[in-house]
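Data first, discussion second: the structure below is written as structure tokens.
The values are calculated or read from the model by the stated rules, or taken from the named source; none is laboratory data. As the structure is a computational prediction, the values presented were derived from the model and not from experiment. Quick reminder, even Gly has a Cβ in these numbers, built from the backbone with ideal geometry, and neighbours come from all protein chains shown.
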Amino acid sequence: MAELFVAGPVAGALEAAATAVGRLDAALADTPLRPAWAVWSGLDAACRHAGADGHKVDPYRLAAHLHGLPLRTDPAAPPIDRGREITGLNHAVGLRGWLAAPDAGQAALRDAALDSLRASGRDRPALVAAALGMLEWLAGQGSRPAIRAAVPLYLRERGTTIHLLAAVTGGDALRAGAADPDGFTVRFLEAVLREAADGRDLLLTMEREWREARNRVDRRAGGRSNSRLPAAVDLLAASPLLSVSALADALGCSVEGASRMLDALVGLEVAAEVTGRAGRGARRLYGLKRLLPIRAETTAARRRARGGPRGRPRRVLTPPFAELATDPAEVAVRPDADPVEPARLAPVSFDFDALDRLVAAADERTRGVRRLLDRIARGEKPFPPGDGADGPAPDEP
């Protein structure tokens, strides 16, 4: 029982980290937004891990890169800077694969890291055991991505969490040197605290956006029980980036009807077409307005609306994120005040099997990008004849 004792600084950090992890895990227990949260928090985690490895990656650019969208670049930037950014994006894709879609080799190495955590966890609190296990694994020159991917599995296995919190890895502790076990443990616990708090903030932001979108659509529907717009909002909130055909499949309607619903939601300023329309037949992806900055990272140009004035459109310069601006009075809170959690919305019924397919497709897209990068690194053709697995997604009308 002596092993249960922890030093004073470690005990304080352990209490704060365990509380933050528990609050995040409880918040995820009864929300249908958990699949979408898992995707976007996983992208944020991949960017943080890439930063710890020396690569600066923007989550919106990573999302656009994973979906095969052309990225906007600064023409004045030297080629070495552009090459450095592509290297960072590809590194983040690989890290995302460890968390969401590991191959056989990665899975085997992750399981070995998990065994190392189990060996360090006898008669110790789970979070402390995870910190010491990570330190021992790294001392043996173990893989950093493998141990970061193993930590969420270990916490769930020990019963610390109910859900698999892929964003909670303590990976930020790897930014500093591990001078001594207690110092590293405190840094690990502080990193877990930040990751769990950021994950909960992301979930609250998604729920707040969902509530505002539902309220706006409910006012537009005027109480009509046969309107499918609330169900479309639910699916947009609970999924990764959504295409027209995916919405039609989930709601059991025609592609044309799904396209009209998405256009209506864009007109209500509830949803945004994050890809930019390049013309008929181009793949169009939609999300709630929180994801609008993705469009600013791509080079796709928006199509001129029918009936508009001819000629070159007038150039209007707007600051970044201007489309997401809100009233400062709405976001002003007291310092150190906990956000007030709104009551949970009851989702409109739709096909959750279709939602599972959307999440699986997002993971498969990660695998496809990694296979493409591996072929390029070996000097092979990016798309071998007869291999359509990694090619672009089917066109949308």
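List of remarks:
- Pair list, Cβ < 6 Å and 6+ apart or interchain, from segment 187-206 residues that are crowded, with 23+ Cβ neighbours inside 10 Å to residues that are assigned to a helix (DSSP H, G or I) and β-branched (Val, Ile, Thr): Ala196/Val21
- Of the residues contained in segment 98-117, none is found to be among the polar types (S, T, N, Q), buried (at least 17 other Cβ atoms within 10 Å of the Cβ), at pLDDT below 85 and in contact with a helix residue (DSSP H, G or I) (Cβ under 9 Å, 6 or more places away or on another chain).
- Restricting the first member to segment 26-42 and to residues that are aromatic (Phe, Trp, Tyr) and in a helix (DSSP H, G or I), and the second to residues that are surrounded by 19 or more Cβ atoms within 10 Å (Cβ to Cβ) and modelled with pLDDT of 85 or more, the beta-carbon pairs closer than 6 Å and six or more apart or on different chains are Trp37/Leu203.
- Within segment 260-293, the set of residues being within 25 Å of the chain's Cα centre (by Cα), among the aliphatic types (A, V, I, L, M) and at pLDDT below 75 comprises Ala282, Leu292.
- Index of the failed condition, Leu71 passing every other in (1) among the aliphatic types (A, V, I, L, M); (2) closer than 16 Å to Asp198 by Cβ; (3) touching a Lys or Arg at 6+ places or on another chain (Cβ under 9 Å); (4) surrounded by fewer than 22 Cβ atoms within 10 Å (Cβ to Cβ): (2)
- Residues satisfying the stated conditions in segment 46-103, i.e. part of a helix (DSSP H, G or I) and charged (D, E, K, R): Arg48, Arg61, Asp81, Arg82, Arg84, Glu85, Arg96
- Candidate set from segment 74-97 (those that are β-branched (Val, Ile, Thr) and under 24 Å from Trp40 (Cα atoms)); member that is surrounded by the most Cβ atoms within 10 Å (Cβ to Cβ): Val93
- Any chance Gln106 is part of a helix (DSSP H, G or I), within 19 Å of Leu95 (Cβ to Cβ) and of a type in the set (S, T, N, Q): yes
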